[in-house]
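Chemist: Below: one structure in structure tokens.
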Amino acid sequence: MRRVIRYLLVVFALALGQAVLTVALTVFVFGSGMSRFGTGDPAPAGVQIASVLVGALAYPVLPLLVQLPLTMQPSGFPGEHLVFLANGLVWAAGILALRRWWWFRRTARPVERDR
């Protein structure tokens, strides 16, 4: 039982971390864009990298919501925040699956053939 609770805490911690990182980078990229608004200055390299990272972290849930009709898209306090957390859960599951695959691959012993 403790392993399950610990595993769920790890999943939720990863999901929350991913959601916070996505929101923080989104605010950073948006703020940088607004500070250059109307000046015609190009985005610095750090902002361009952050923008690419935001685009990658937004997948797979956030772009799917754009495809929904406006009346079905979540809005307001709980809906919009739950979307970021759901996206974080997908990322957390992927990270833990990759970790588990890497661990099993690393610890697997080669099968000896009969000669």
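Chemist: Would you be able to tell me the number of residues in the stretch 14-46 that are touching a Gly at 6+ places or on another chain (Cβ under 8 Å) and either farther than 24 Å from Leu98 by Cβ or outside any helix (DSSP H, G or I) (or both)?
Modeler: 1
Chemist: Can you go through Val83, Val66, Val61, Val111 and tell me which one is at pLDDT below 85 and over 20 Å from the mean Cα position of the chain (by Cα)? Before the answer, list the steps.
Modeler: Values: Val83 fails: over 20 Å from the mean Cα position of the chain (by Cα); Val66 fails: over 20 Å from the mean Cα position of the chain (by Cα); Val61 fails: over 20 Å from the mean Cα position of the chain (by Cα).
Criteria check complete, one pass: Val111.
Chemist: Can you confirm whether the stretch 34-46 contains a residue that is open to solvent by 90 Å² or more (accessible area, probe 1.4 Å) and in contact (Cβ under 8 Å) with a residue 24 or more places away in the chain?
Modeler: For the stretch 34-46, residues open to solvent by 90 Å² or more (accessible area, probe 1.4 Å) and in contact (Cβ under 8 Å) with a residue 24 or more places away in the chain: absent.
The values are calculated or read from the model by the stated rules, or taken from the named source; none is laboratory data. Keep in mind that what you see is a predicted model, and the values were worked out from it rather than measured. Methodologically, a virtual Cβ is constructed for each residue, glycine included, from the backbone with ideal geometry; neighbour enumeration extends over all protein chains shown. Areas reflect the complete protein model, heavy atoms only, side chains present, ligands, DNA and RNA absent. Shrake-Rupley method; radii C 1.70, N 1.55, O 1.52, S 1.80 Å.
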